[in-house]
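**Student:** The structure is given below, and queries will be raised subsequently.
The values are calculated or read from the model by the stated rules, or taken from the named source; none is laboratory data. Source: prediction; values computed, not measured. For neighbour counting, all protein chains shown are included, and Cβ atoms are generated from backbone atoms with ideal geometry for every residue, glycine included. Just the protein is used for accessible areas: all its heavy atoms, side chains included, with ligands, DNA and RNA removed. Shrake-Rupley method; radii C 1.70, N 1.55, O 1.52, S 1.80 Å.
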Amino acid sequence: MKSFFFLFAGLFLCVSSFAQSAGNYQVYIDRIKQFSKPVRVLRNDVDAQGNGSIEFTNQKNQILRFRLSDNKLQKGVCSIAFEIYYYENNYLKRIESLDSNGNLIGCKLKLKEEAVTEFTIEKPALYLKKKKLIDDAEGNIEMKDDSKEKIIRVRYFDAANRPIMQLLPDYISSKSYWDYTIRMAWP
């Protein structure tokens, strides 16, 4: 009987800790099918009036982020409501922009009207050197645009997750990639 009680108590604690981590936001999290569950809060900047942003993470190194206004989902430019960041070995691999229903959504204000951006570090050793400089300055550093050094390649995908044709590969600067990695901007 004691073992049943401890088993039940343990299950209750697991369920309640999941509920606490998702809180009132579970209805939003459930809209995003490609975001794995269970989740935990990574960052919560929502104030008492229900305004601010929140980020969740999971065991697959995904980060789901969205903003609220008066406890309601807030849409950004181009009706982007959610973003998912995919990380692999602590490197940002992919960003998806989603509408309020959890569907990929392109944006005419973005460079290629993309819904998805994928990153490939083609020169990891060189990027690590530049990353160290940026990290040491906590991001507060002016750097020359090193995109011509072809360190970080980007590929773009439309709302149907089809590649957007590019005549030549596109590259971004190490600093821009660092900013994406720490999720500096909102759409």
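**Student:** So, in segment 148-187, of the ones that are small (Gly, Ala, Ser) and assigned to a helix (DSSP H, G or I), which residue ends up nearest to residue 134 (Cα to Cα)?
**Tutor:** Per the criteria, the residue is 174.
**Student:** For residue 126, work out the one condition from (1) closer than 26 Å to residue 64 by Cα; (2) open to solvent by 50 Å² or more (accessible area, probe 1.4 Å); (3) aliphatic (A, V, I, L, M); (4) modelled with pLDDT of 95 or more it doesn't fulfil.
**Tutor:** Here residue 126 meets the rest and fails (1).
**Student:** Same structure, new question: Closer than 29 Å to residue 28 by Cα, out of contact with any Lys or Arg (no Cβ under 6 Å at 6 or more places or on another chain) and buried (at least 17 other Cβ atoms within 10 Å of the Cβ): which single residue out of 182, 152, 80, 172 fits that description?
**Tutor:** 80
**Student:** Okay, next question. Identify all residues within segment 109-123 that are buried (at least 18 other Cβ atoms within 10 Å of the Cβ) and not in a loop (DSSP other than H, G, I, E, B); write none if there are none.
**Tutor:** 116, 117, 119, 121
**Student:** So which residues in segment 84-108 are part of a loop (DSSP other than H, G, I, E, B), farther than 12 Å from residue 159 by Cα and in contact (Cβ under 8 Å) with a residue 60 or more places away in the chain, if there are any at all?
**Tutor:** Scanning segment 84-108 gives 100, 101.
**Student:** Would segment 5-25 turn up any residue that is open to solvent by less than 60 Å² (accessible area, probe 1.4 Å), modelled with pLDDT of 95 or more and not hydroxyl-bearing (Ser, Thr, Tyr)?
**Tutor:** no
**Student:** Right, another one. Just wondering, is there one or more residues in segment 72-81 that are more than 30 Å from residue 165 (Cα to Cα) and either touching a residue at least 60 places away in the same chain (Cβ under 8 Å) or of a type in the set (D, E, K, R) (or both)?
**Tutor:** yes
**Student:** What number of residues within segment 100-134 are within 14 Å of residue 175 (Cα to Cα) and small (Gly, Ala, Ser)?
**Tutor:** 0
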